[in-house]
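A short worksheet on the structure shown next.
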Amino acid sequence: MNLKEIFKTANPIIGVVHLQPLPTSPRWGGNLNAVISRAEQEATALASGGVNGIIVENFFDAPFSKDRVDPAVVSAMTLVVERLTSLVTLPIGINVLRNDAHSSLAIAACTQTQFIRVNVLNGVMATDQGLIEGHAHELLRYRRELGADVKIIADVLVKHGRALGSPHLMTAVQETIERALADGVIVSGWSTGSPPSFEDLELAKAAAGDTPVFIGSGASWENIPRLIRASDGVIVSSSLKRHGRIDQPIDPIRVSQFVEVTRRTLSQIEEEHNHHTEESNGKLPTHSALGKTTSKI
């Protein structure tokens, strides 16, 4: 997965548009235009704040169906995504919760968007929706059948779930990439708004090789300077909302703050890397050499 090709940066910040309740949801309000309007406002706030991509989720449809949503949900999300593609020029991804990857892929293929997020691509997770099984074998064949160049970013040991058999994180990352053929992987905390540990991100990066690793939850401008050092990109939502509350709309000021801190940190990391490379290549005097020079003076 070439992040620069898709997002125009090697370290993308992907903001999330949490859709208001859709048709057939228990909290559906009966006004799809209102849902579309809110989505447009949030996508605009994310784009103007400087994110590199957007992912659209039916977040407020809880309680979720574990693997197949109603066709009305697919239809509504397709309409929303189609509107957003004409509004912003950013890459857009789809996540049909809880784990309807086939519908995500179908929406992405029909709207010509770039990627999908899959909560459980392989293995079995015990969740509040019951046992969710990954269907990578079906999804990858479906993508080929559709002829869609849609990237699959998959959660590893997804939040709000527990793996049956409790595999080691590094093993889970390797299997998601090598056996389920994910184009990118996501590491999250235990729940929405909970960040992964720096150590887990380091383990995931070590296991993933050249495959991108994304922070999947809990990123904020307080912790992103540390977490981004062990990842390739971030998917962020909760901390970008008004007052940091999940039920509130995206706050463009918070988006700008998060983007500024993240980009500043990435610039620092690049400077450190360049300095270390120059030092290793002998273009700069080493610390020991500097010390010897000082002692002679």
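In degrees from 0 to 90, rounded to the nearest 10, what is the angle of the helix 252-280 Cα long axis to the longest principal axis of the chain?
The angle comes out at about 40 degrees.
So how far apart, in nm, are the two label points at residue 142 and residue 222 if each is 7 Å from Cα heading toward Cβ?
Those two pseudo-labels are separated by 3.9 nm.
For the chain, what's the relative contact order in percent, using C-alpha pairs closer than 8 Å and at least 6 residues apart? Don't skip to the answer; put the middle values down first.
Working: 571 pairs, mean separation 44.9, N = 297.
Relative CO of the chain lands at 15 percent.
What ranking of 265, 24, 89, 277 emerges when the number of other C-beta atoms within 10 Å of each C-beta is taken as an exposure proxy, fewest first?
On the way: 265 18, 24 14, 89 8, 277 11.
Final ranking by Cβ density, sparse to dense: 89, 277, 24, 265.
Would you mind calculating the gained length between residue 257 and residue 170 on full extension (0.36 nm times residue separation, minus the Cα-Cα distance), in nm to one decimal?
Numbers: separation 87, 0.36 × 87 = 31.32 nm, distance 3.25 nm.
That pair, residue 257 and residue 170, stretches by 28.1 nm at full extension.
Among bridges DSSP assigns within region 1-155, what percent are antiparallel (round to 5)?
Values: 4 of 19 bridges.
Percentage antiparallel, nearest 5: 20.
For a quick check: sort 102, 273 by the number of other beta carbons within 10 angstrom, fewest at the front. Don't skip to the end; give the middle numbers.
Details: 102 20, 273 10.
With the fewest neighbours first, 102, 273 line up as 273, 102.
To the nearest 20 Debye, how big is the dipole of the chain about its Cα centre, given +1 on the beta carbon of each Lys and Arg and -1 on that of each Asp and Glu? Mind dumping the intermediate values first?
Working: 28 positive and 32 negative charges, 84 e Å.
Once rounded to the nearest 20, the dipole reads 400 debye.
Quick one: order 220, 280, 231 by neighbouring beta-carbon count within 10 Å, fewest to most. Before the final figure, lay out each step's value.
Working: 220 18, 280 10, 231 24.
If I rank by nearby Cβ atoms, fewest first, I get 280, 220, 231.
Using Cα positions and a limit of under 20 Å, work out the aspartates and glutamates in reach of residue 66, with same-chain residues fewer than 8 apart set aside.
57, 100, 128, 133, 138, 155
Can you tell which of 164, 22, 46 shows the greatest fluctuation in a Gaussian network model of the chain with Cα springs below 10 Å?
Among 164, 22, 46, the largest mean-square fluctuation in the Gaussian network model of the chain belongs to 164.
Of the DSSP beta bridges with both residues in the chain, give the percent that are antiparallel, rounding to the nearest 5. Each step should come with its number before you reach the end.
Values: 8 of 34 bridges.
Of those bridges, close to 25 percent are antiparallel.
Identify, among 265, 246, 280, the residue whose Cα sits farthest towards the positive end of the charge dipole of the chain, taking +1 on the Cβ of Lys and Arg and -1 on the Cβ of Asp and Glu, with the dipole about the Cα centre.
265
Output the relative contact order of region 220-271, whole-number percent, from Cα pairs under 8 angstrom with separation of 6+ residues. Spell out each step's value before the answer.
Details: 39 pairs, mean separation 19.9, N = 52.
Relative contact order, region 220-271: 38 percent.
If I model a spin label at residue 264 and residue 82 as a point 7 Å from the Cα along the Cα→Cβ vector, what separation in nanometres do I get?
4.3
How far is helix 71-87 tilted, in degrees, relative to the longest principal axis of the Cα atoms in the chain, given as a value from 0 to 90 rounded to the nearest 10?
For helix 71-87, the angle is close to 50 degrees.
When the Debye formula is applied to the Cα atoms of region 3-296, each taken as the same point scatterer, what base-10 log of I(q)/I(0) results at q = 0.07, 0.08 Å⁻¹?
Summing over Cα pairs of region 3-296 leads to -0.27, -0.35.
We did not get these values from a lab; they are worked out from the coordinates using the rules stated. Nothing here was measured: the structure is a model prediction, and the numbers come from that model. Virtual Cβ from ideal backbone geometry, glycine too; neighbours counted across all protein chains shown.
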